[in-house]
Structure formats: C-alpha cells, structure tokens
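Since the structure comes first, as structure tokens, the remarks are kept for the end.
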Amino acid sequence: MTENSTVRTVTYELLRSLGLTTVFGNPGSTEQTFLQEFPDDFRYVLALQEASAIAMADAFAQVTRRPALVNLHSSAGVGNALGNLVAAYHGNTPLIVTSGQQHRELVIGEPYLGNREATTFPKPWVKWSYEPARAQDVPEAFMRAYAMARQPPAGPVYLSVPMDDWNQPLAGPARVRTVSARTAPDAERLREFAGRISASRRPALVFGPEVDRAGGWDAAVALAEKLRAAVYGAPLGDRVSFPEDHPQFCGPLGMSVKTISDRLAGHDLAVVIGAEVFRYYPYVPGDYLPAGTGLLQITADPEVAGAARVGDSLLSDPKIAIEALLDLVTEGSARTAPEPMTRPRVLPPAPSRPLTPPEVYAVLSRVRPPDAVIVNESTSTMAQQVEWLPTVRTGSFFATASGGIGWGVPAAVGVALGDRHRGVSRPVIGLIGDGSFQYSVQALWTAAQHQLPVVYVAMRNEEYSILKSFAVLEETPGVPGLDLPGLGIAAVARGFGCRATDVATTEELAQELKAALTADAPTVIVVRTQPRKAML
Ligand SMILES: Cc1ncc(C[n+]2csc(CCOP(=O)(O)OP(=O)(O)O)c2C)c(N)n1
Ligand SMILES: [Mg+2]
C-alpha cells in the first residue's frame with residue numbers, strides 16, 4: 001500500500017480510469033470529505049440547486065455519449081433532484097448520482113442531515129441503489145454503479161457514501177472492468193420481423209428517441225429509403241431520430257390513443273423502433289390500433305417492451321437492429337411513396353402585438369444557424385417546432401423525457417458543456433415557456449460562469465397556456481393558478497450574470513438573436529407572446 005492511500009485516493013484513481021473527471025453537484029458538509037483536495041485534472045461544475053445539477057449532467061451525458069457523475073447533498077439534495085431524475089430514467093441517461101451519508105458512528109441515532117433509508121429514497125427512478133456495507137467497498141461500488149448505469153437499458157444509479165468512509169486507509173488500485181453498452185437481437189426473431197416488414201403493403205416506420213441516442217440516425221434513413229415507408233416521429237419524443245425535412249417524413253404520430261390510431265389507419269404494419277408503444281398523453285379513448293394494422297416494436301429496454309399495450313416486441317439495440325434489418329428486408333421500390341408532411345406556416349396578415357408563437361418561430365427559422373441545437377420546453381408551442389424548425393441533424397434536439405418541466409433551462413447548459421468537452425462548437429437555443437423557465441432558473445448562473453454559447457428565447461405569454469388548453473379538454477372550468485403576471489425574467493437573468501433583453505417585434509427579435517449568437521456570454525431574450533390554444 002502506498003503511503004496515504006485511502007478510499008478517496010483509490011476511488012479518484014478509478015474515476016480517472018473511467019473518464020469520470022467532471023463532477024456536477026452542489027456540496028454540503030457530508031460531501032466535503034469526498035471533495036477535499038479535489039484533483040487538478042478533475043472539474044467541478046457547480047449548480048446552485050440540485051434539479052439543475054441533474055439536468056445539466058443528463059444533457060452532458062447525452063451529448064458526450066458517456067456516463068456522467070453527480071454529487072448531491074444528503075437526503076435534502078437528492079430530494080431536490082428527484083423530479084429531473086425521472087427524466088434521466090425515462091431518457092436512459094447513464095448517471096451516477098452520489099450523495100453523502102452522515103458519519104457511520106451517528107447513523108443509528110438519526111442524526112441531523114442523515115439520509116434515512118438512503119437507498120430507497122430515489123427509487124423507482126434509479127436502476128440500482130446502494131450504500132456500501134464497508135468503507136473499503138466504496139471503489140467497487142463506483143465500479144458497479146458505472147457498469148449498471150451503462151449497460152442497456154442505460155439509466156441513473158445511486159450511491160450513498162458515509163462521510164467517514166473517504167479517509168479510511170485502503171490499498172489500491174481498484175479493479176477496473178468494462179461492460180457492454182449495446183446488445184444484439186435474437187437472430188431468428190429479427191428474421192421473422194424482417195419477413196413481416198418485407199411482406200407489408202404499406203408500412204409505417206416510427207422512430208423514437210432510442211434511435212438517435214444509439215447513433216442510429218443514418219441507419220434509420222437508409223432503412224426508410226430502402227423500404228419506401230412512411231416515417232412518423234414517436235409521441236412526445238425527447239430526441240429526434242429522423243430528418244424532419246425528409247420527403248418520407250409524414251410528421252409526428254400524435255399523442256393520444258385516438259389520434260395515433262387514426263394516424264395509423266391505412267397502414268397494414270407499424271414498425272416502432274426505439275420508442276414506447278406508445279408514450280400516450282392525454283387520454284382520449286379510441287382503439288389502440290386500427291383494424292388491420294399489425295405492430296412490431298424494437299427497443300433495448302425490457303420494461304418498455306413489457307409495458308407496450310399492443311404488438312410484438314424484440315429486444316435489441318436499435319442501431320444494431322436497424323442495420324441488420326437493412327440487409328434482411330426486401331427493397332420497397334414497388335410501394336407508392338408517402339405524402340410528405342405539409343407545412344402551412346400560416347402567419348397573421350399583419351404583424352401582431354404581442355407576437356403570435358408562429359411569428360416567433362418564423363424568425364427563428366430564418367436566423368437559426370444550420371448546426372444549432374434546440375432544447376425545447378415551450379409547452380404550448382412545442383408542436384409547432386416540427387413545422388418551422390425541423391430537426392435535420394443527429395443529436396440536435398433535446399426535451400424532457402418525463403414531461404416534468406424545469407429540465408430545459410439546465411439541459412441547455414449541459415448540452416453546451418458537453419459540446420465544449422468533446423471539442424464541438426455549436427450554438428444552443430433554448431425555447432422555453434415563461435412558466436417552465438422558473439423551476440431551475442439558477443442554471444443561468446452556471447451558464448454565465450462558464451460563458452456558454454446558449455441563447456434562451458423565453459416566450460412570455462404570462463400564463464401556463466397548455467394547462468388552459470387541458471382545462472378545456474378535461475372540461476374542468478375554474479382551475480386556479482394558471483396566470484403568471486409580473487414575472488421580470490430579464491432582470492432575473494441579469495442577476496445571474498446573463499445578457500438579457502425584452503423584445504416586442506420580429507425585427508427586434510431577429511436583431512437580438514443575431515447579436516446573441518455571436519456574444520461571449522449566454523443571453524436570455526424575453527419575447528412577449530400571445531397565449532396559444534394548443535392542439536391536444
Ligand atoms: C415539475 C412540473 N410541475 C408542473 C407541471 C405541470 N405543467 C405542465 S405544463 C405547465 C405550464 C408550462 O407553462 P409555460 O412554460 O409558460 O408554457 P406555455 O404552456 O405557456 O407555453 C405546467 C405547470 C409539470 N409538467 N412539471
Ligand atoms: Mg407560458
């Protein structure tokens with residue numbers, strides 16, 4: 001044992017070997033034993049609240065395509081983080097979330113800032129949850145956490161580490177292992193699927209977020225073209241997996257049982273790859289599938305396959321399956337090409353004040369650089385993005401995978417940090433509703449401190465607009481708490497160190513966007529907009 005070799009030094013050496021040298025977090029007294037003498041080759045990304053730490057790490061992991069490490073404060077910090085942990089779980093993001101436990105000597109007496117039933121607390125939104133039985137097990141617990149987070153289906157895991165463990169003597173090095181990040185399909189079942197796809201007269205391909213995450217964008221295009229199939233976007237996607245300007249792209253599938261079933265009518269087969277069947281919301285009754293339509297699902301996640309309401313499932317990494325299908329299916333040149341999606345792009349006859357969301361989207365579609373990333377959390381206008389701002393490149397659209405808001409503002413920070421980490425420079429545009437902006441607003445400070453190229457466009461319609469549409473759908477008049485008067489978003493953003501401005505016209509918006517795209521600090525552009533009745 002080298003002199004001064006401890007649980008902490010052995011663990012840092014392991015983290016270094018695993019490439020986990022960025023730590024997202026918010027510290028407390030129970031974490032300082034871990035963070036002490038923080039090595040120079042490690043980087044600590046401070047988030048001012050734990051919901052921000054998780055969503056930043058989530059997007060960072062997605063962009064770098066590697067697990068990310070998060071360190072939170074005891075039960076209070078984990079509690080603040082839980083909402084965004086749900087998104088990481090549904091988004092299959094490999095996150096190793098750690099928090100400090102009180103001193104082992106004190107735990108039996110329920111000490112101040114102890115973490116009662118620590119391993120239960122983040123469940124069911126972690127794949128694995130552990131508190132080492134002995135201090136000496138800490139490095140191996142990290143190794144196991146890494147393996148669990150990375151293996152398919154990837155996802156968040158949790159480790160609670162008593163604060164006195166870190167200084168315990170321990171001989172290194174830790175045992176380093178590798179694990180698979182992809183699993184191949186059962187060959188026989190895949191051939192069966194290929195046969196059914198080849199025999200289909202009018203197949204519909206539905207590509208979901210797992211495809212883009214697996215790096216399957218190009219393979220998805222090749223499969224669609226070989227089959228000459230209609231392609232739809234999976235409901236409520238947190239990633240886009242197929243170019244939305246492709247002539248075979250027919251638009252989003254819909255969200256409710258009824259709209260999806262109506263959309264699939266006329267297709268004898270729906271092939272859903274890398275998505276739930278389906279991510280339904282809201283409940284509008286209907287048939288789960290139209291009469292005469294079969295359904296095949298390919299996913300890497302047994303839970304997602306198990307929960308499908310209809311159809312036959314195959315477990316596989318989506319990219320491996322698509323590439324294998326490409327060889328197995330017969331050419332679909334005899335099929336009639338699908339009708340591409342229409343984009344009416346209707347604008348008001350004269351400029352309106354406040355602006356309508358389409359006027360804002362029209363400016364964005366003009367000014368957006370082709371390589372820009374969009375993070376969208378503008379709930380009542382998200383459906384308009386596909387019309388105005390089609391995603392045309394892999395890894396360039398992000399949204400919450402859970403439906404919980406308060407993910408987008410910090411996720412934009414995580415995307416920009418991830419890009420910087422992998423040596424890529426792209427503008428990141430966060431389209432965020434004025435309500436959604438508030439939940440993890442302190443992420444702006446981290447963006448400013450790191451001088452990240454993030455441009456937020458905050459749509460200030462002064463309400464929770466989507467919830468007003470839901471009130472109509474659900475026939476629930478008189479719901480309180482849906483108006484948001486008096487929010488000074490630009491002032492808040494300035495307070496966190498961002499550039500910020502209020503705009504009222506399309507000219508001002510275009511001008512401020514252009515300036516923001518070349519600025520050396522993050523910018524928040526607050527645009528006053530009219531509430532919009534969302535199509536649910
Ligand atoms: C953490 C969390 N709290 C509450 C909700 C419920 N919710 C869904 S959308 C929404 C309003 C969003 O308003 P805003 O961001 O202003 O967008 P708009 O609908 O006005 O476009 C709320 C409160 C949620 N999804 N997640
Ligand atoms: Mg709003």
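Rolling a 1.4 angstrom probe over the protein heavy atoms, how many square angstrom per residue are accessible across the chain?
Values: 21700 Å² over 536 residues.
Result: 40 Å² of accessible area for each residue.
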* Structure fact -> DSSP beta bridges in the chain: the antiparallel percent, rounded to 5, is 5 percent
* To do: Any aspartates and glutamates with Cα under 19 Å of the Lys468 Cα? List them, leaving off those in the same chain fewer than 8 positions away.
  => Glu377, Asp434, Asp483
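Going by a ≥ b ≥ c, the root eigenvalues of the Cα gyration tensor, does region 296-351 fall in the rounded group (a/c under 1.5), the prolate group (a/b larger than b/c) or the oblate group? Each step should come with its number before you reach the end.
Numbers: a/c = 3.00, a/b = 1.63, b/c = 1.84.
Taking the square roots of the gyration eigenvalues as a ≥ b ≥ c, region 296-351 is oblate.
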* To do: If a/c stays under 1.5 just call it rounded; otherwise compare a/b with b/c (prolate if a/b is bigger, oblate if not). Do that for the chain, with a ≥ b ≥ c from the square roots of the Cα gyration tensor eigenvalues.
  => oblate
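Restricting things to alpha carbons, find the Rg to Rh ratio for region 197-301 using the Kirkwood radius for Rh.
With Rh from the inverse mean 1/r over Cα pairs, Rg/Rh is 0.93.
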* Packing rank of 345-358, 501-514, where each peptide gets the mean count of other beta carbons within 10 Å, highest leading -> 501-514, 345-358
* Asked: Which of the aspartates and glutamates could a cross-linker bridge to Lys533, judged by Cα under 13 Å and excluding same-chain residues fewer than eight apart?
  -> Glu463
* Divide by every residue of the chain the summed helix terms, -39500 (n - 2.57) for each DSSP H run of at least 4, and state the resulting mean residue ellipticity at 222 nm, rounded to the nearest 500 deg cm²/dmol. => -10000 deg cm²/dmol
* Asked: What are the residues whose amide H is under 5 Å from the amide H of Val457, where those residues sit 5 or more places off or on another chain and H is modelled from the backbone?
  -> Gly430, Leu431, Ile432, Ile525
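Treating only the Cβ of Lys, Arg, Asp and Glu as charged (+1, +1, -1, -1), what charge dipole size does the chain show about its Cα centre? Round to the nearest 20 debye.
Numbers: 47 positive and 54 negative charges, 175 e Å.
Charge dipole, the chain, about its Cα centre: 840 debye, nearest 20.
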* Over the chain, calculate the relative contact order: mean separation of alpha carbon pairs under 8 Å at least 6 apart, over the residue count, as a percent. => 14 percent
* Nonlocal amide H pairs with Thr400, under 5 Å, H built at 1.01 Å -> none
* Could you pull out the pairs from Lys127/Lys319; Lys258/Lys319; Lys226/Lys319 whose alpha carbons sit more than 25 Å apart here? => Lys258/Lys319
* Structure fact -> Rounded to the nearest whole number, the per residue volume of the convex hull around the C-alpha atoms of region 1-155 in Å³ is 112 Å³
* Could you state the number of Å between the C-alpha centres of region 63-135 and region 144-222? -> 21 Å
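The values are calculated or read from the model by the stated rules, or taken from the named source; none is laboratory data. Fair warning: this is a prediction, and the values are worked out from it, not measured in the lab. In this analysis, Cβ positions are derived from the backbone assuming ideal geometry, glycine residues included, and neighbour counts consider all displayed protein chains. Calculation scope for accessible area: heavy atoms of the full protein, side chains included, ligands and nucleic acids excluded. Shrake-Rupley method; radii C 1.70, N 1.55, O 1.52, S 1.80 Å.
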